[in-house]
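Contents: one structure, followed by commentary.
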Amino acid sequence: MKNLSKTFVWILMGLLFVGLAGFGAINVSGTSRTLATVGTAEVTVDEYARALQQEQRAIQAQAGQAIPLSQLISMGVDRGVLSGLVAAAALDNEMQLLGLSVGDETLLKEITKISAFRGSDGNFSLDTYKYALQNAGLTEAEFERDMRDETTRTLVQGAIAGGTAMPPVLGKTLTDYIGARRSFTYATITEADVVLAAVEPTEAELRSHYEAHPEDFTLPETKVITYVTLRPDALVDEVEIDEEALRALYAERDAEFNVPERRLVERLVFGDEEAASTAKAQLELGSVAFETLVEQRGLALADIDLGDLSKADLGAAGDGVFAAEIGSVVGPLPTDLGPALFRINGVLEAKSTSFDEALPTLREELALDRARRLIETRAEGLDDLLAGGTTLEELAEEEGLALGQINWTAATTDDIAAYDSFRKAAEAITAEDFPEVAYLEDGSLFAMRLNETLPQRPEPFEEAEAKVIEAVKAARLQAALTEAAEALKTATAANEAQFPEGTETKSETGLTRTAYLDDAPVDLISNVFEMTAGELRVIPGIDSALVVRLDAVRPPEESEDLQFLSQALSDQLDQSLSGEILQIYMQAVQANARPQVNQQAVNAVHASFQ
């Protein structure tokens, strides 16, 4: 048994040694530095860690707060960083297969262009270069290798994407489409132009319309919710307010109840007394206007408008300003910024509200505030009762809460559904949720229970009857309008496309597809661009119908804006083409390189961020 125990121990030690032999192979500080192999190229652990850290810092700088790696991973940042490194490595592998690289002279030019490597004289400094690389944790050999690869990649990408251009006819076609213009004339038929029999629709008509248009009389999904509320105004009578508290609140809001006399003023400040006095003399002689003085200082009237100020607000200039008449300019008067001229634009009389006059407002405000606090003190007890199985009905009966029920939909905004907090709670509630205490925006307390959820369903005819009557009358009117418009169209066509004499028409010239006309159907312009010159068309609208004649099809207007648009479209199309070609090339390069990612090494890098 003793020999067997020793043997067992040595077996365990051997297994432990084998396990530890691989330790460090994927650790950031271990011996193996490869995180991914892409053909003959590699992505090292350090490259991935450095790129991930740079992305983390950039996102943190943009967000203005620390972002943990776990959040970055949930955002997919790690996958984006690794994908970019694999794509670059795939391109490096392709360059090695093709035997492409840049020479030392080109590399030197690229390095000396980097501003971070320049000394105090603005020229490239070898000492600055070495110091910057040392701070970044890079050796000169590593940086120059990466720089050579990056420069070569840029040349290859430029060669693949450069020189691509879409056919000019495509850009011209798009420009012609956007800039195309139409000129047309139209007549509007309204309710005043038709005769409708003042006959109420029969029940048979109503039911026929109701059955023919079920989509117009379908109720949305509805939640039947029972709720209780406890509002501050319901507890006002339970709150005692002493006069001392009322007088304290009155004193606290003294600035609201007792407003001193004020002046609406503009202030133009000068650098010294002499300049201010000269400007005032020019005003008195009438040789210059106050507005001109403001413009001469490079200012606008909005820049010198101080609004309404009391005498105390004006400081040392208060007496002078308050002694002046409306519309006059006084000064120079002293201010914290220097001597200034003041123009008085108006007077606001003082307003004084005595304690007795303010008492009803103060009492109501203080009572409601204390009622809200009372609600807060009762909230925990009410929540405990609900958690203990007390129903909303029992809570209303025993605790004095108001009980209500609502058929809630996403469009409901009446009564308690006018509060955002209630609507959000109603939207989220399910049949499995127990009632819990929550608050409305005004400090009221509420709790709710979902009784049932009614699916989309036809609205009963009896309940929808008023809407059906309105819809039938609207359909009658639209039919009459369309019939009158068709008659006008027929008469116009018989008159060689000329509207009959006496027809009130409107004409529009050279409108583009983006034009908009008030009091016209929203699809008027789209219809016009479907028509041919001389064509007549009836376009129904809401409470109206139009008869439209297309007068002319006009080419795009020759303008700088359109030329700019044409060039921008061409550039965008070219960029889109080159981007697609480069993407296809990169996909092919990566497919040929067959990337292999060591997920354990990726996890080790992530662990080093913790």
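In the stretch 397-417, the residues that are outside the structural domain of residue 445 (by TED's automatic domain parsing) never reach a residue that is modelled with pLDDT under 85 and of a type in the set (D, E, K, R) with C-beta atoms less than 9 angstrom apart, at least six apart or across chains. Put simply, of 88, 116, 49, 61 the only residue that is in contact with a helix residue (DSSP H, G or I) (Cβ under 7 Å, 6 or more places away or on another chain) and exposed (fewer than 14 other Cβ atoms within 10 Å of the Cβ) is 116.
In the stretch 166-187, the qualifying residues are those that are in contact with a Gly (Cβ under 9 Å, 6 or more places away or on another chain) and surrounded by fewer than 20 Cβ atoms within 10 Å (Cβ to Cβ), and the one that is nearest to residue 557 (Cα to Cα) is 181.
Any residue in the stretch 452-475 that is under 30 Å from residue 382 (Cβ atoms) and among the small types (Gly, Ala, Ser)?
Within the stretch 452-475 (the criterion being under 30 Å from residue 382 (Cβ atoms) and among the small types (Gly, Ala, Ser)), the answer is no, since none of the residues qualifies.
Inspection of the stretch 453-468 finds a residue satisfying the criterion of being surrounded by 18 or more Cβ atoms within 10 Å (Cβ to Cβ), touching a His at 6+ places or on another chain (Cβ under 9 Å) and not assigned by TED's automatic domain parsing to the domain that holds residue 384.
Residue count for the stretch 414-443, restricted to those that are surrounded by 12 or more Cβ atoms within 10 Å (Cβ to Cβ) and over 18 Å from residue 228 (Cβ atoms): 0. Per the listing 546, 517, the residue uniquely in a strand (DSSP E or B) and either at pLDDT 90 or above or more than 30 Å from residue 53 (Cα to Cα) (or both) is 546.
Within the group 163, 99, 158, 103, which residue is within 41 Å of the chain's Cα centre (by Cα) and loosely packed, with under 12 Cβ neighbours inside 10 Å? Result of the check over 163, 99, 158, 103: 163. Summed over the stretch 64-85, the residues that are charged (D, E, K, R) and surrounded by 14 or more Cβ atoms within 10 Å (Cβ to Cβ) give a count of 1.
Conditions tested, residue by residue: (1) at pLDDT below 85; (2) over 18 Å from residue 259 (Cβ atoms).
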position: 295; (1), (2): no, yes
position: 307; (1), (2): no, no
position: 335; (1), (2): no, yes
position: 350; (1), (2): yes, no
position: 353; (1), (2): yes, no
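Put simply, of 575, 583, 590 the only residue that is over 18 Å from residue 69 (Cβ atoms) and either assigned by TED's automatic domain parsing to the domain that holds residue 42 or over 31 Å from the mean Cα position of the chain (by Cα) (or both) is 590.
Inspection of the stretch 506-523 finds a residue satisfying the criterion of being in contact with a helix residue (DSSP H, G or I) (Cβ under 7 Å, 6 or more places away or on another chain), aliphatic (A, V, I, L, M), surrounded by 12 or more Cβ atoms within 10 Å (Cβ to Cβ) and free of Cβ contacts under 8 Å to residues at least 24 places away in the same chain. Looking across the stretch 448-469 at every residue that is assigned to a helix (DSSP H, G or I) and touching a residue at least 24 places away in the same chain (Cβ under 8 Å), the one that is farthest from residue 389 (Cα to Cα) is identified as 469. Looking across 427, 441, 380, one residue alone is more than 33 Å from the chain's Cα centre (by Cα) and on the phi < 0 side of the Ramachandran plot. It is 380. Take residue 95 and tell me if it is free of Cβ contacts under 8 Å to residues at least 60 places away in the same chain, in contact with a helix residue (DSSP H, G or I) (Cβ under 9 Å, 6 or more places away or on another chain) and not charged (D, E, K, R). Criteria not met by residue 95. Would you pick out the residues in the stretch 153-182 that are modelled with pLDDT of 80 or more and polar (S, T, N, Q)? Residues satisfying the conditions are 173, 175. Does residue 565 satisfy being over 29 Å from residue 87 (Cβ atoms), touching a residue at least 40 places away in the same chain (Cβ under 8 Å), touching a helix residue (DSSP H, G or I) at 6+ places or on another chain (Cβ under 8 Å) and not assigned by TED's automatic domain parsing to the domain that holds residue 486? Here the answer is yes, as residue 565 does meet what is asked. Residue 114 falls short on exactly one of the conditions (1) farther than 25 Å from residue 34 by Cβ; (2) of a type in the set (Val, Ile, Thr); (3) touching a residue at least 12 places away in the same chain (Cβ under 8 Å), and that condition is (3).
Part of a helix (DSSP H, G or I) and either out of contact with any helix residue (DSSP H, G or I) (no Cβ under 6 Å at 6 or more places or on another chain) or in contact (Cβ under 8 Å) with a residue 24 or more places away in the chain (or both), is that true of residue 580?
The answer is yes for residue 580.
The criterion of at least 1 residues that are farther than 30 Å from residue 440 by Cβ, free of Cβ contacts under 8 Å to residues at least 60 places away in the same chain and in contact with a Ser or Thr (Cβ under 9 Å, 6 or more places away or on another chain) is met, among helices (runs of 4 or more DSSP H) falling completely within the stretch 284-395, by 311-314, 318-323.
The values are calculated or read from the model by the stated rules, or taken from the named source; none is laboratory data. No experiment lies behind these values; they were computed from the predicted model shown. Don't worry about glycine lacking a Cβ; one is built from the backbone with ideal geometry, like all the others, and counts go over all protein chains shown.
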